There are 6 protein chains.
Amino acid sequence: MDDWLPSLITKIPQEGYELAIKLARKGSGYTQQSSEIREKLRPQYAENPDSLTLVSQVIAIHFQTVAAANNYWK
Amino acid sequence: MDDWLPSLITKIPQEGYELAIKLARKGSGYTQQSSEIREKLRPQYAENPDSLTLVSQVIAIHFQTVAAANNYWK
Amino acid sequence: MDDWLPSLITKIPQEGYELAIKLARKGSGYTQQSSEIREKLRPQYAENPDSLTLVSQVIAIHFQTVAAANNYWK
Amino acid sequence: MDDWLPSLITKIPQEGYELAIKLARKGSGYTQQSSEIREKLRPQYAENPDSLTLVSQVIAIHFQTVAAANNYWK
Amino acid sequence: MDDWLPSLITKIPQEGYELAIKLARKGSGYTQQSSEIREKLRPQYAENPDSLTLVSQVIAIHFQTVAAANNYWK
Amino acid sequence: MDDWLPSLITKIPQEGYELAIKLARKGSGYTQQSSEIREKLRPQYAENPDSLTLVSQVIAIHFQTVAAANNYWK
């Protein structure tokens, strides 16, 4: 894999949230490395509310990590 | 996306809880960017108890983060 | 919404646990604001063991937050 | 409810684990207050491996709390 | 139950991980105390990928606890 | 099992993320020790979006641990 995670530090909370999204997506990306298959699966979860909530949960866990790394941007 | 997360700091716990709800919803919003589709999906989970519990779980995870950021409003 | 979360501080652990239950329920309450519908859904999960475990999990996550806020009542 | 949670402090880790089990069960108990119904549901999850894993997960979350409260019995 | 959890302290990270596995299994063991039934259920989850992931999740939660108890073996 | 977890310390965040993936996979590996069966199960979850999200969640939990162990690589 390319370098995709140079640091957990971000300037503002919203960038931290977007980094959490990236961290969540990478978890699927390492397991299913074909971006073609991942794109094919997308409609299956992007229109299923429980699937969206599950994705949101993974983002929430990573956002805890990123927020702590940034001392909550205080 | 617009600026939607200027800070994790809130004046009182209840505002912190409402920020946690916003953080939970954004997780779905970034994945399913069509607000039209999200509205269409709403009845599917708003009347399903397990779906509501799942949403509540994501809120709980974000509330941990927001509460820690605010030093538990002590 | 009314004021429902003035503080995370409680006198004893059991009150903290009961606050965690309230925090868990509010997560569903903000998403499904009709108390009539919520009451209608109740039998669906109150007699389903996995649904009860899921609810218990959300309580557990909030109890972590409340316990930390109270420095574990030490 | 009776007093059932006087403290999070236990003498040894195993007692802490057993307290975590109690905390997990209470989460269902507050939601489904009929012990008769809870007993009736028991076979449904006690012989279902995923249900057992879900219960184990709630215990794990509470054990984090109890272990932190006891400074990991160090 | 016998004494099975004398301490959360381990010499190396891998022993800590193996302790996390034990903690995860005990969660099911306290709920389904018949080892005969647990053995009978084993094939149901050991060949189901989502069941394996769920088990792995419980291990992950306990590993957080054990790693913190050991100050991350630093 | 061989020695597979000498340390939680990594040089950079991305190596920490990859260690989290290893920790997540080991959770299944200890439960289903046949690598042949694990390979057979792979297509079942690598093309199922919810399964991928579940795997991503376990990685997220382990990444919290690894990131804390490394003081967030600050």
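Figures for the structure shown
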read-out	value
The protein assembly as shown shape via C-alpha gyration tensor axes, a/c threshold 1.5	rounded
Cβ neighbours within 10 Å from other chains - mean over F:19-26	4
Integer Hz, Karplus 6.51/-1.76/1.60 couplings in order for the range D:6-23, x for Gly and Pro	x, 6, 9, 8, 10, 6, 9, x, 5, 5, x, 5, 5, 5, 4, 4, 4, 4
Relative contact order (%) - criterion: Cα under 8 Å, at least six apart; region: the range B:13-73	58 percent
Pairwise Cα inverse-distance average, inverted: Kirkwood Rh of chain E (Å)	13.3 Å
Dipole-positive endmost among F:Ile37, E:Tyr45, C:Ser56 within the protein assembly as shown (Cβ charges, Cα centre)	C:Ser56
Chymotrypsin sites (Phe, Trp or Tyr not before Pro) lying in DSSP loop within chain C, provided at most 15 other Cβ fall within 10 Å	C:Trp4
Nearby lysines by direct alpha-carbon distance to D:Lys26 (threshold 22 angstrom, same-chain neighbours under 8 apart not counted)	C:Lys11, C:Lys22, C:Lys26, C:Lys74, D:Lys11, D:Lys40, E:Lys26
Angle in degrees between helix B:35-46 and the longest Cα principal axis of chain B, rounded to the nearest 10	90 degrees
Within chain A: Cβ-based charge dipole about Cα centre, in debye rounded to nearest 20 (Lys, Arg +1; Asp, Glu -1)	160 debye
Label geometry 7 Å along the beta-carbon vector: F:Ser34 inter-copy distances in nm	2.5, 2.5, 4.4, 4.4, 5.0
CD proxy at 222 nm, helix term only [per DSSP H run n ≥ 4: -39500 (n - 2.57); per residue of chain B; nearest 500]	-23500 deg cm²/dmol
Other-copy label distances relative to C:Ile12, 7 angstrom Cα-Cβ extension, nm	2.7, 2.8, 4.8, 4.8, 5.5
Alpha-carbon centroids, the range F:1-64 and chain E: separation in whole Å	15 Å
Pseudo-label separations to other copies for E:Asn71 - Cα-to-Cβ vector, 7 Å, nm	1.2, 1.2, 2.1, 2.1, 2.5
Table column - 3J(HN,Hα) (Hz), the range C:69-74, Karplus curve with 6.51, -1.76, 1.60, x for Gly and Pro	4, 9, 6, 6, 6, 7
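Bear in mind these aren't lab numbers, they're just calculated from the coordinates by the rules spelled out. Since we're looking at a predicted model, the values are computed, not measured. In this analysis, Cβ positions are derived from the backbone assuming ideal geometry, glycine residues included, and neighbour counts consider all displayed protein chains.
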